[in-house]
Amino acid sequence: MNIHQMQLSYSNQEDRLILSINSKDNEEMRLFLTRRIVTSFWEILNKTIAHSLTSHPTPNDMVESESKELGQKQQMQQQMQQQIHHQDIIDKSDYDTPFSSGDKFPVGEAPILVEKITINAYEDSNTALIFESNKGQNINLNLNPQLLHNLSDLLIRIIPSTNWNMGLIGETNVVISENKDKLSLH
């Protein structure tokens, strides 16, 4: 699926997030994400993003990091650089264009209840998310770094409306963004 748009909204009736994904071919998939899934997914998503932002150390970096104090300073600088890079990616995103529903639904119009999410990171900086349902349906999405960061940002923006008492603070984000209804992303 060639992703064109993502939207994350909260359903009060279901007490679940709805992740809607629209392709360039106008195919739409909808996924229900429970609090349990989001909680477990959040930590590994942040680690995946942090790993994608980490530059591989050179031999000189490794020698210098033998000093504990210098290593801590480098780690703090690296985290700050990751936060800045993450924010730069988010700032380039289109949150103004409304989400357009698809006219084809390859897995049905009703959202699929996700029971497990698997993340596979590849050397080319792309990440595969595998959403597994209770009915044996697996949805595989290949996300480039931009979409991965945007998914994280959409979660940060929508969680305050859930009243799930979750603080989504990770290495690549330092504050929870303000809430906006029916967020969509291009």
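Just so you know, all these numbers are worked out from the coordinates, no wet-lab data involved. If you're wondering where the values come from, they're calculated on a predicted model, not measured in any experiment. Heads up, the Cβs are rebuilt from the backbone with ideal geometry, glycines too, and the neighbour counts pull from every protein chain shown.
Numerical summary
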{"item": "Anisotropy class of segment 90-169 from Cα gyration tensor, a/c 1.5 cut", "result": "rounded"}
{"item": "Loop sites in segment 102-139: trypsin sites (Lys or Arg not before Pro), DSSP, at most 16 other Cβ within 10 Å", "result": "K135"}
{"item": "Subset of K24/K135; K92/K116; K104/K135; K24/K116; K47/K104 violating a 23 Å alpha-carbon distance limit", "result": "K24/K135; K92/K116; K24/K116; K47/K104"}
{"item": "Segment 8-32 and segment 89-132: distance between their alpha carbon centers, rounded to Å", "result": "9"}
{"item": "Two-site label geometry, N140 and T118: point separation in nm, points 7 Å out along Cα→Cβ", "result": "1.0"}
{"item": "Cα-based shape type of segment 84-128, given that a ≥ b ≥ c are square roots of the gyration tensor eigenvalues and the cut on a/c is 1.5", "result": "oblate"}
{"item": "Distance (nanometres) between label positions extended 7 Å along Cα→Cβ at M1 and H51", "result": "2.3"}
